[in-house]
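Peer 1: Sharing a structure below in structure tokens format, with a few things to ask.
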Amino acid sequence: MTTVRIAASLAAAISLLERSPKTGAPSDTMFDMMVADYKKALQEWRVAEANCGATCEWWNDGEMWESSCGVAYVFNSDGPEDNGHRFCHKCGKPIAIGETPK
Ligand SMILES: [Zn+2]
């Protein structure tokens, strides 16, 4: 997967920079800024990757459908699947039909 290779490259670049003598860099300030930029990019990628596969869980609570992100929704008949709802209108994640909490 391309994104995994990108993350591995970023992690390797950070590790290399952190292990390099600072005298080899243009300045301590620039060195620190480069490390900080790489770390920020890697963290942003990790957050995006973590959210990528996530779903919003919906369950039927009697008349109402509720979701893990706080949606309370009523269909005239049936549920999300039968009404063509594939994505949550609040959080935008794909809907996963879950068990009604006891
Ligand atoms: Zn949602």
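Peer 1: Tell me yes or no: at least one residue of the range 82-90 is exposed (fewer than 15 other Cβ atoms within 10 Å of the Cβ), closer than 30 Å to Ser9 by Cα and either within 11 Å of the ligand (Cβ to nearest atom) or under 16 Å from the mean Cα position of the chain (by Cα) (or both). Even if it seems obvious, please write down each step before you answer.
Peer 2: The initial filter retains those residues of the range 82-90 that are exposed (fewer than 15 other Cβ atoms within 10 Å of the Cβ), namely 82-84, 86-87, 89-90.
This time we only want the ones that are closer than 30 Å to Ser9 by Cα, so: none.
No, because not a single residue in the range 82-90 is exposed (fewer than 15 other Cβ atoms within 10 Å of the Cβ), closer than 30 Å to Ser9 by Cα and either within 11 Å of the ligand (Cβ to nearest atom) or under 16 Å from the mean Cα position of the chain (by Cα) (or both).
Peer 1: If we keep just the residues of the range 14-32 that are touching a Phe, Trp or Tyr at 6+ places or on another chain (Cβ under 9 Å) and modelled with pLDDT under 75, which is surrounded by the most Cβ atoms within 10 Å (Cβ to Cβ)?
Peer 2: Residues of the range 14-32 touching a Phe, Trp or Tyr at 6+ places or on another chain (Cβ under 9 Å): 14, 17, 20, 22, 24-25.
Narrowing the set further to residues that are modelled with pLDDT under 75 leaves 22, 24-25.
On the way: Lys22: 12, Gly24: 7, Ala25: 16.
The residue in question is Ala25.
Peer 1: Let me ask something else about it. Look at the range 31-60 and say how many of its residues are more than 15 Å from the ligand (Cβ to nearest atom), in contact (Cβ under 8 Å) with a residue 12 or more places away in the chain and of a type in the set (D, E, K, R).
Peer 2: Number satisfying all stated conditions: 3.
Peer 1: I'd like to verify a number: residues in the range 61-74 that are more than 8 Å from the ligand (Cβ to nearest atom) and in contact with a strand residue (DSSP E or B) (Cβ under 7 Å, 6 or more places away or on another chain), how many?
Peer 2: So in the range 61-74, the residues more than 8 Å from the ligand (Cβ to nearest atom) come out as 61-66, 72-74.
With the extra rule that they be in contact with a strand residue (DSSP E or B) (Cβ under 7 Å, 6 or more places away or on another chain), the set shrinks to 64-66, 72-74.
Of the residues in the range 61-74, 6 are more than 8 Å from the ligand (Cβ to nearest atom) and in contact with a strand residue (DSSP E or B) (Cβ under 7 Å, 6 or more places away or on another chain).
Peer 1: Quickly run through the range 33-77 and pick out the residues that are of a type in the set (Val, Ile, Thr) and either part of a loop (DSSP other than H, G, I, E, B) or at pLDDT 90 or above (or both).
Peer 2: Our first condition is that a residue be of a type in the set (Val, Ile, Thr); within the range 33-77, this holds for 35, 47, 55, 71, 74.
Once the filter is applied, which keeps residues that are of a type in the set (Val, Ile, Thr) and either part of a loop (DSSP other than H, G, I, E, B) or at pLDDT 90 or above (or both), the range 33-77 yields Thr55, Val71, Val74.
The values are calculated or read from the model by the stated rules, or taken from the named source; none is laboratory data. Remember, predicted model here, so these are calculated numbers, not experimental data. Every residue, glycine among them, receives a Cβ derived from its backbone with ideal geometry; neighbour counts consider all protein chains shown.
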